[in-house]
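Below you'll find the structure, written out as structure tokens, and then a few comments.
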Amino acid sequence: MRNDEKSMDEIISFAKRKGFVFPSSEIYGGVAGLYDFGPLGVELLNNIKADWWRKNVHEKENYYGLDSAIFKDPRVWEASGHTKSFSDPMAECKTCNTRIRVDKELEKLGVQADEKMSEAELQELFDTHKAQIKCPKCGGSEFTEVKAFNLLVKSNLGDFSGKEENPSYLPGEACQGIYLNFKNVVDSMHPKIPFGIAQIGKAFRNEISPRNFLFRTREFEQADTQLFIRPGENKDYYDKIKEERWRWYTESLKISEKNLRWKQHDNLVFYAKDAWDIEYDFPSYGFDEIEGIHDRSDYDLTVHSKASGIDLSYNENGEKFIPWIIESSAGLGRIFLAVLSEFYDIDEMDGKKRTVLRLPHKLAPIKVAVFPLLKNKPELVAKAREVFDMLRYEMPASFDDSGNIGKRYRRQDEIGTPYCVTVDFDSLEDNTVTVRSRDDGAQKRVPLSEIFSFVKD
Ligand code: ATP
């Protein structure tokens, strides 16, 4: 567990107070496992997504972007195995009916439940350790039998029978859209293998116990890449993808290496060759998964070939084969939470405590704030508005003339704005302004002709 003074409760209340994240449907009491991104949250989220997209699509020669429909033919989820085996083991507290996730409760005791275990085997393991497990709500220690609970969320899209006989499923994972469009991408873009398809998409899971704020929600977004390779070349590419994904967090998002670690899966599903998670050390919660990197063999394209009757093999100079896949799948809500946790800070400036969000420039929701030195001097306000108008068409900017300068600085520091620009009486004479930096409070006089390039990064 990290050894700093941040607590997750503090970060959650900060996120709400400053317009980053709100509980969903809050005026009706909120819904467990659902959150809304507020005015600053959506900017930060979009900036994380844009950086991911740049790194995984634009900067790569052989990766193609995709945005597939959320709903899919229900047979997709049969073929992928989700209708049968996409489940978590659940038991219910006999006193207050709260549901617990049996594998996660066992994990807290240092006991690993094997993903391949049958209900009976899990029950036996649960029985062995039950005496140490308490209901998180009422503290009760009597539980129902362990049951496998399927996480897919059903809908009646296209089913007018009113009997809910033929459910459509919301995606349990976003990546299925990539497999379904493999042939379309090959036929339209003619990529040379190895090549990748990248997508950011929504996923929905009926999580038994949503918890830890954005960490375990019932609706979330995943940023996925699938690299299609020749059979048997998985070892060559797996380590490369692992290294690239690690570098995105440390070099691009500037997350400190000490707060990240690798964890290899002990229990692989039958078709997988290898699986590693990147974990982040969340304040109060400790290390947990933010992204999985999976060596998946030919499983996905094979099952969809068989179920659809469409040949999903790749033809390389007359040689046909089903490509193998290396997948990276990152949860954007969890990354958003890691970013807030990483850059939220309390320090001291000019002898006073301040809250500062030390976001890298490219992630900051607002890049620059513009102030007139005094609110009641129309000539200063007019000039500051002129500067604001110059900047806001180039980058997200804000204008603030309320309270004194010190308070305005503090407000911008809290939300991570890298630069504040103040227009004063000298500005009216010589067209220069004071630019103050968030991180160290340093101030510099800058000619207006250079302001754009100064605050750009
Ligand atoms: P976990 O073991 O925590 O349930 P998982 O191994 O099932 O996660 P994957 O299916 O590999 O997760 O999904 C890829 C990524 O999607 C995860 O690394 C995580 O960041 C994100 N993710 C998965 N489930 C959730 C959830 N309920 N809420 C938010 N993000 C999630």
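The values are calculated or read from the model by the stated rules, or taken from the named source; none is laboratory data. This one's a predicted model, so the numbers in the text were calculated from it and none came from an experiment. All Cβ positions, even for glycine, are placed from backbone atoms using ideal geometry, and neighbour counts span all protein chains on display. These accessible areas exclude ligands, DNA and RNA; they are computed on the full protein's heavy atoms, side chains included. Shrake-Rupley method; radii C 1.70, N 1.55, O 1.52, S 1.80 Å.
Taking the alpha-carbon centroid of each part, what is the distance from segment 279-341 to segment 351-371 in angstrom? Cα centres, segment 279-341 to segment 351-371: 35 Å. Taking the accessible area of segment 366-456, probe 1.4 Å, and keeping the other protein chains in place, the carbon and sulfur fraction comes to 51%. The 3J(HN,Hα) values that the Karplus relation (6.51, -1.76, 1.60; θ = phi - 60°) gives for segment 207-212 are, in residue order, 4, 5, 10, x, 7, 6 Hz. Gly and Pro appear as x. Two numbers describe the Cα atoms of segment 262-379: Rg and Dmax, which are 24.5, 77 Å. Nearest-5 percent of antiparallel DSSP beta bridges in segment 366-456? Expressed as a percentage, antiparallel bridges in segment 366-456 total about 55. Taking amide H as placed 1.01 Å from N in the peptide plane, the amide H of M349 sits under 5 Å from that of R354, each at least 5 places away or on another chain. Loop-located chymotrypsin sites (Phe, Trp or Tyr not before Pro) in segment 139-239 (DSSP state other than H, G, I, E, B) with a sparse environment of at most 12 neighbouring Cβ atoms within 10 Å: F160.
3J(HN,Hα) along segment 303-313, derived from phi through the Karplus expression 6.51 cos²θ - 1.76 cosθ + 1.60 where θ = phi - 60°, amounts to 5, 6, 4, 5, 6, 8, x, 9, 6, 9, 7 Hz, with x in place of Gly and Pro. Taking a straight line from the alpha carbon of K116, these aspartates and glutamates sit under 17 Å away, with near neighbours fewer than eight places off in the same chain left out: D88, D103, E107, E124, D266, D274.
Each part reduced to its alpha carbon centroid, segment 83-128 and segment 229-273 end up 28 Å apart. Between the amide H of H265 and those of A275, W276, D277, distances stay under 5 Å, these residues lying 5 or more places away or on another chain, with hydrogens modeled in the peptide plane.
Counting helices only, and only those DSSP H runs with n ≥ 4, report the 222 nm mean residue ellipticity of the chain as the sum of -39,500 (n - 2.57) divided by its residues, in deg cm²/dmol to the nearest 500.
Details: 15 runs with 138 residues, N = 457.
Rounded to the nearest 500, it is -8500 deg cm²/dmol.
Sorted by accessible area (1.4 Å probe), largest first, how do E219, E386, E244 line up?
Details: E219 70, E386 105, E244 50 Å².
Per-residue accessible area, sorted high to low, gives E386, E219, E244.
What the phi angles of segment 6-16 give under the Karplus curve with 6.51, -1.76 and 1.60, with θ = phi - 60°, is a coupling list of 6, 10, 5, 4, 5, 5, 5, 6, 4, 4, 6 Hz, glycine and proline written as x. Sites listed here are GluC sites (Glu not before Pro) in segment 1-80 whose DSSP assignment is loop and whose Cβ has at most 16 other Cβ atoms within 10 Å: E5, E59, E61.
Sorted largest first, the principal axis extents computed over the alpha-carbon atoms of segment 366-456 equal 30, 28, 24 Å.
Close amide H contacts of L157 (hydrogens built in the peptide plane, cut-off under 5 Å, sequence separation of 5 or more or a different chain): S168. With all pairs of different C-alpha atoms in the average, the Kirkwood value for the hydrodynamic radius of the chain is 24.9 Å.
Annotation for segment 400-450 versus segment 1-74: alpha-carbon center distance of 29 Å. Note that segment 129-261 carries a Kirkwood radius of 19.3 Å, evaluated over its alpha carbons pair by pair. Net length available on complete extension from T144 to K353 is 70.2 nm, with 0.36 nm assigned per residue and the Cα-Cα distance removed.
With the cut-off at 31 Å, tell me which of the pairs K383/K456; K55/K154; K104/K352; K130/K254; K16/K84 have Cα atoms farther apart than that.
On the way: K383/K456 20 Å; K55/K154 34 Å; K104/K352 43 Å; K130/K254 42 Å; K16/K84 38 Å.
Violating the 31 Å limit, Cα to Cα: K55/K154; K104/K352; K130/K254; K16/K84.
In terms of solvent-accessible area of protein heavy atoms at a 1.4 angstrom probe, what is the ranking of L180, L312, highest value first? All intermediate terms of the calculation are to be shown ahead of the outcome.
On the way: L180 70, L312 15 Å².
Output order, biggest surface exposure first: L180, L312.
Database note for the chain: Cys without another Cys beta carbon under 4.7 angstrom, C175, C420. In summary, the lysines within cross-link reach of K377, defined as a Cα separation below 27 angstrom excluding same-chain residues under 8 places away, comprise K367, K407, K444.
Solvent exposure of the chain amounts to 48 Å² per residue of accessible area, where only protein heavy atoms count and the probe is 1.4 Å. The value of relative contact order for the chain, using C-alpha pairs under 8 Å at least six residues apart, is 14 percent.
What trypsin sites (Lys or Arg not before Pro) does segment 372-457 have in DSSP loop regions with at most 14 other beta carbons within 10 Å? Before the final figure, lay out the partial values.
Working: sites: K375, K383, R385, R392, K407, R408, R410, R411, R436, R438, K444, R445, K456; in loops: K375, R438, K456.
Answer by residue number: K456.
Note on segment 320-429: antiparallel DSSP beta bridges, both residues inside, total approximately 45 percent of the bridges counted.
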